1. Hey, can you tell me all the residues within segment 8-33 that are in contact with an Asp or Glu (Cβ under 8 Å, 6 or more places away or on another chain) and on the phi > 0 side of the Ramachandran plot?
2. Sort out for me the strands (runs of 3 or more DSSP E) sitting completely within segment 25-121 that have 2 or more residues that are modelled with pLDDT of 95 or more, buried (at least 21 other Cβ atoms within 10 Å of the Cβ) and among the aliphatic types (A, V, I, L, M).
3. Kindly indicate whether LEU108 is over 19 Å from ILE209 (Cα atoms), among the hydrophobic types (A, V, I, L, M, F, W, C) and out of contact with any Cys (no Cβ under 6 Å at 6 or more places or on another chain).
4. For segment 148-215, which fully contained helices (runs of 4 or more DSSP H) count at least 3 residues that are touching a residue at least 24 places away in the same chain (Cβ under 8 Å) and closer than 30 Å to SER56 by Cβ?
5. Take segment 170-197 and flag every residue that is among the aliphatic types (A, V, I, L, M) and surrounded by fewer than 20 Cβ atoms within 10 Å (Cβ to Cβ).
6. Got a sec? Which of ALA67, ALA63 is touching a Ser or Thr at 6+ places or on another chain (Cβ under 8 Å) and of a type in the set (A, V, I, L, M, F, W, C)?
Amino acid sequence: MHFWDFHTHQSGQPYSLYQADNPATSGVGACSVGIHPWSVGLDWEDEFKRIQDQSSQHERVLAIGEAGVDRLKGPEIQLQKDAFYAQASAAAELGIPLILHCVKSHDLLLEYLKSAKNPPCIIWHGWNQKPELATQLLPFPLFFSFGKHILHPGSNASKWLATCPLDRVFFETDDSGLEIGLIYQRASLLLQIPVASLAAQVIANWNAISKRKIS
C-alpha cells in the first residue's frame, strides 16, 4: 500500500505530485507545472507558452498549477485572472486537473466556474475554508486537497473532511515537511475508514478526473 501526495514541494518522494520548475529535470517523476499567482509578471504569456510546451511534451506532468488568484500577495488581480484563465484552459485541453491556489478570492473562482464553458477539474490545495463555502462549490468540478490543517481538531479542514463527498477528496503535504502517511492516518481516524481504503479511494478519484492515470 502506498499513499499518494497530490501536492508537495519536497522533491524525490515516490507517489507524489511534485511542484516542478521543469519536468525534464533529472530525478523528477510525476509533477505539476504552472505559474503561481505570486509569480505572474507582465511577460506571463511567454512563461505560459513554456508551461504549455512542457505539459504537452511530458506525460509525467499530471496537473497544471499551482495557479489561481491571491488578493493578499502578487500583482494586480486582472493579471492574475488572465494567467489563471489561460492555465485552466490548458488543463481542460489536456484533460488533466488544475491545482488551485486561492486566497481571499473565492468570489473570483465562482465567477470563473459559472462562466466557463469547459472548466477543468480543479483541486483546491491546502483546503481550510469554511464548510459553507465548500457546499457552494459542489455543483462544479471542484475537489478538495487536505493537508496539515486536518491535524488540528476543530479546524475548518477537519470539519469539511468529515462531510465532504469521498469522491472529491485528495491529500497533500505542500511545504510542511510532514510525512504524507501522517495525513492519511489522521483522515482515516476522522472518517472512520481503513487507511488502505482511503488510499485506494483517492487513486480512484484521480483516475476518474484525469486522462493521465496513476496507480
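1. TYR15
2. Of the strands (runs of 3 or more DSSP E) lying wholly inside segment 25-121, those with at least 2 residues that are modelled with pLDDT of 95 or more, buried (at least 21 other Cβ atoms within 10 Å of the Cβ) and among the aliphatic types (A, V, I, L, M) span 61-70, 98-103.
3. So LEU108 passes the test.
4. By residue number, 195-209.
5. Matches in segment 170-197: LEU178, LEU182, LEU189, LEU190, LEU191, ILE193, VAL195, ALA196.
6. None of the others qualify; the one that does is ALA63.
The values are calculated or read from the model by the stated rules, or taken from the named source; none is laboratory data. Since this is a predicted model, take the numbers as computed values, not measurements. All Cβ positions, glycine included, derive from the backbone under ideal geometry; neighbour counts span all protein chains shown.
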